[in-house]
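The values are calculated or read from the model by the stated rules, or taken from the named source; none is laboratory data. Just so we're clear, the structure is a prediction, and the values are computed from it rather than from any experiment. Positions of Cβ are generated from backbone atoms using ideal geometry, with glycine treated the same way; all protein chains shown enter the neighbour counts.
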Amino acid sequence: MSRLRSWLCLLTACLVLSGCGEEEPPAVTYGIIWQDEFEGPAGQLPDASRWRFDLGTDWGNLQLEYDTDSPTNVSLDGTGNLAITARQENYGNQQYTSGRIKTKDLFEQTHGRFEARIKLPVGQGIWPAFWMLGADIDEVGWPACGEIDVMEYLGHEPRVLHGTLHGPGHFGSGAVTGRHVLSQGGFHLGFHEFAIQWEEGKITWYVDGFAFHSATPTDLPAGATWVYEKPFFILLNLAVGGRWPGSPDETTVFPQSMLIDYVRVYGEVPVE
């Protein structure tokens, strides 16, 4: 019996101290796993290894712009920013042009911190966004793929920021949303940092480091489905008009630009 007891003690020590021959999991830390700092000469298109263009008009919201791949609508400004610019000009049977870019099929990620530093435009009918869509959109469609709006903003409400989830059973007027209101000034007067911290079962929205909204599966309406445990890709766009903001009017000044200083994604990275 004493020999058996000694063997069990030896086996326990093996499991605790050495994993009994099993390899230890690699050490990881939390750091940047993807980024674009938008460095380059003025007029240069965004890096094609990171971004693709969506071309066309009316993405389901009665928007009025035609999104192009022209550097007059989407290009580096030469000072470390990407400028997405809405212009009042006839193109593709529309009266406005602008831009919409995405990381689809180039970078898609589940969980992490998604962050961008942006200076927003202003004016009635101006509708910029920093957002994400489920990478399976081509297979399941919208809203089944899910949508995470990190930052949405209406140019006629320059102090108000929106963060929203759209998905099956929680889209449109039934979306899960929160907002933050600046006490003074406006998001068009300078750069601000917009982010989400996306964990299993929870998404938290931040502006300038302040958490203003969060959502978990328990926050969804009855019968809705939480579809936020799979890869999503990033989008940046500047819409003109649409159901939510309404059309530009005589007070709207063009051109209007959304300036993006950087986009960064943080997650687990191996320790070298």
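Could you tell me whether any residue of the range 96-110 is within 17 Å of residue 149 (Cα to Cα), surrounded by fewer than 18 Cβ atoms within 10 Å (Cβ to Cβ), out of contact with any Leu (no Cβ under 7 Å at 6 or more places or on another chain) and at pLDDT 95 or above? Yes, that holds for at least one residue. A count restricted to the range 117-128 and to residues that are hydrophobic (A, V, I, L, M, F, W, C) and either under 16 Å from residue 247 (Cβ atoms) or surrounded by fewer than 22 Cβ atoms within 10 Å (Cβ to Cβ) (or both) stands at 3.
If I filter the range 198-205 for residues that are in a strand (DSSP E or B), touching a residue at least 60 places away in the same chain (Cβ under 8 Å) and either hydrophobic (A, V, I, L, M, F, W, C) or at negative phi (or both), do I get at least one hit? Within the range 198-205 (the criterion being in a strand (DSSP E or B), touching a residue at least 60 places away in the same chain (Cβ under 8 Å) and either hydrophobic (A, V, I, L, M, F, W, C) or at negative phi (or both)), the answer is yes, since at least one residue qualifies. Across the range 62-87, the qualifying residues are those that are modelled with pLDDT of 95 or more and closer than 20 Å to residue 244 by Cβ, and the one among them that is surrounded by the fewest Cβ atoms within 10 Å (Cβ to Cβ) is 64.
Exactly one of (1) over 18 Å from the mean Cα position of the chain (by Cα); (2) surrounded by fewer than 16 Cβ atoms within 10 Å (Cβ to Cβ); (3) part of a loop (DSSP other than H, G, I, E, B) is unmet by residue 90. Its number? That leaves (3) as the condition not met.
Go through the residues of the range 75-91 one by one and say whether even a single one is within 23 Å of residue 36 (Cβ to Cβ), charged (D, E, K, R) and out of contact with any His (no Cβ under 6 Å at 6 or more places or on another chain). Yes, the range 75-91 contains a residue that is within 23 Å of residue 36 (Cβ to Cβ), charged (D, E, K, R) and out of contact with any His (no Cβ under 6 Å at 6 or more places or on another chain).
Here's the yes/no breakdown for (1) in contact with a Lys or Arg (Cβ under 7 Å, 6 or more places away or on another chain); (2) at pLDDT below 95; (3) within 28 Å of residue 256 (Cα to Cα):
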position	(1), (2), (3)
158	no, no, yes
161	yes, no, yes
169	no, no, no
172	no, yes, yes
180	no, no, yes
193	yes, no, yes
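Reported count of residues in the range 49-63, each being touching a Leu at 6+ places or on another chain (Cβ under 9 Å) and either under 22 Å from residue 117 (Cβ atoms) or outside any loop (DSSP other than H, G, I, E, B) (or both), is 6. Here residue 123 does not qualify as more than 15 Å from the chain's Cα centre (by Cα) and within 12 Å of residue 67 (Cβ to Cβ). Taken over the range 228-268, residues that are basic (Lys, Arg) and assigned to a strand (DSSP E or B) amount to 1. Only one of the listed residues (96, 66) is under 25 Å from residue 251 (Cβ atoms), in a strand (DSSP E or B) and touching a Lys or Arg at 6+ places or on another chain (Cβ under 9 Å). That residue is 96. A search for C-beta distances below 8 Å between a residue of the range 157-184 that is touching a residue at least 40 places away in the same chain (Cβ under 8 Å) and outside any strand (DSSP E or B) and any residue that is surrounded by fewer than 16 Cβ atoms within 10 Å (Cβ to Cβ) and not aliphatic (A, V, I, L, M), counting only pairs 6+ apart in sequence or on different chains, returns 168/225; 169/221; 169/223; 169/225; 174/221. Take the residues in the range 221-271 that are within 24 Å of residue 115 (Cα to Cα) and at pLDDT below 95, then tell me which one is nearest to the chain's Cα centre (by Cα). Within the range 221-271, the match that is nearest to the chain's Cα centre (by Cα) is 268.
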